[in-house]
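Here the structure comes first, spelled out in structure tokens, and everything after it is commentary.
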Amino acid sequence: MSDPLSVAIVGAGPAGLSAALWLKQLGYAPFVLEAAEAPGGILRFNFLANEWVLGQHGLTGTEMSARFVAHAEAAGIPIACTSSVQRLVPIPNGWRLFLHDGTPRHAAAVIVATGLRYRGPEALATVAGIGQLSASELAYGPFAFRDLDLCQGKTVLIVGGGDNAFENAKMVAELGGCAIILCRSRPRAQRQLHEAVERFADRIRVVMHATLRAVRREAGKLVANWQTVSDTTEVAMVDRLHVLIGYAPNSEWLVAALGDTATALARDEAGYLITDRWGRTPLLRLYAAGDLVERDFPNVVSALASGARAAKAVDIDLSNR
């Protein structure tokens, strides 16, 4: 009996771990490479209970992520952290991957599942004074939901107009604080979150078509300046700044790793990978799964399913080799 074929999974979030588990069950030898110091993907920074995943009632994203990792490890799937892929080279029988330290790995197929990253300081690089704020004054992405008790009785300026921004404002108001939601355009939050914010009309203000221009400290507060579409400048004194302006796909590393071969890769204007419905990219034996390909509706459930589907595609293709 021949040894099982090796399949590399790049990214140890829900999609990558799901793909690895399915490949293991299908008789392959999957190995997972993760650039971060710990596996679990961006889900491990979801500090709130996630009530949207069937059978995972009451678990935070952090706890759910730990369960996924434990399941993969119990199945004997190797997960190598701090292992970023620097080069991906197609070879006749699959791919050769070169890690950050030059170590080469061979795989019959590669599934890319590097997910999303929250938009951080680079998104507000033009805001005067933003670089002077401390971690106790400024929080990006999921970290705006950690230690929310610090917002009791405080005023928080929230930059963003999606679900996370509106939910963050609602939670601040529930703690007795006040929030100003600064939206670049019209809000995109779900209807029920709009309604929740409306119930706190005395504590939450929504400002549309506004852009944050500057922030500075004054008398123990933060003074924020923003400009509206009518070129009117407004000023408010707040205690904290939360930046919740969405996510971006982690695909740039792949373009760099593929070099000239990347010209065959399909991405949309935002950087999401374009695949067929099974996760196949235009490059032979290179697949993608999870939030990296799910622009419309990224979530834990779709990531798990996407990983499983990509694993099955690998099995179909390698079985027909």
Around Thr82, under 9 Å between beta carbons, what's the net of Lys plus Arg minus Asp minus Glu among the other residues?
-2
Per DSSP H run of n ≥ 4, the term is -39500 (n - 2.57); total these for the chain, divide by its residue number, and report the mean residue ellipticity at 222 nm rounded to 500 deg cm²/dmol.
-7000 deg cm²/dmol
Enumerate by residue number the chymotrypsin sites (Phe, Trp or Tyr not before Pro) in segment 2-54 meeting two conditions: DSSP loop (anything except H, G, I, E, B), and at most 11 other Cβ atoms within 10 Å of the site's Cβ.
Trp52
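What do you get when you divide the Cα radius of gyration of segment 1-103 by 2.2 N^0.38 Å, with N the number of residues? Display every interim value, and only then the final one.
Details: Rg = 15.1 Å, N = 103, 2.2 N^0.38 = 12.8 Å.
Segment 1-103 yields a ratio of 1.18.
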Förster radius 22 Å - calculated FRET efficiency between Ala270 and Val53, Cβ distance, rounded to 0.05
0.30
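If the viscosity is 0.692 mPa s and the temperature 37 °C, what Stokes-Einstein diffusion coefficient in µm²/s follows for segment 229-321 when Rh is the Kirkwood radius over Cα pairs?
Values: Rh = 15.8 Å.
Rounded, D is 208 µm²/s.
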Compactness relative to 2.2 N^0.38 Å, alpha carbon Rg of the chain:
1.11
Amide H neighbours of Gln86 at under 5 Å, excluding residues fewer than 5 places away on the same chain, with H built from the backbone geometry, are Phe98, Leu99, His100
In what sequence, highest mean first, do 208-216, 33-41 appear when ranked by Cβ atoms within 10 angstrom?
33-41, 208-216
Rounded to whole Å, give me the distance from the Cα center of segment 102-135 to that of segment 25-68.
18 Å
Select from Ile204, Val89, Pro187 the residue farthest towards the positive end of the dipole of segment 73-211; place +1 on Cβ of Lys and Arg, -1 on Cβ of Asp and Glu, and compute about the Cα centre.
Val89
Most positive-pole-ward Cα, Cys178, Ala113, Ala123, against dipole of segment 103-198 from beta carbon charges
Ala113
Looking at the P(r) of segment 114-157, how many percent of alpha-carbon pairs lie beyond 12 Å?
68 percent
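Quick one: putting +1 on the C-beta of Lys and Arg, -1 on the C-beta of Asp and Glu, what dipole do you get for the chain around its Cα centre, in Debye to the nearest 20? Don't skip to the answer; put the middle values down first.
Numbers: 31 positive and 31 negative charges, 50 e Å.
Dipole about the Cα centre, nearest 20: 240 debye.
Need one number: convex hull volume per residue for segment 140-279, Cα atoms only, in Å³. Intermediate results must be reported in sequence, preceding the final value.
Working: hull volume 23.6 nm³, N = 140.
Hull volume over Cα atoms, normalised by residue count, gives 169 Å³.
Every number in this text was worked out from the coordinates using simple rules, so none of it is lab data. These numbers were taken from a predicted model, which means no experiment stands behind them. Glycine also receives a Cβ, built like all others from the backbone with ideal geometry; neighbour counts cover every protein chain displayed.
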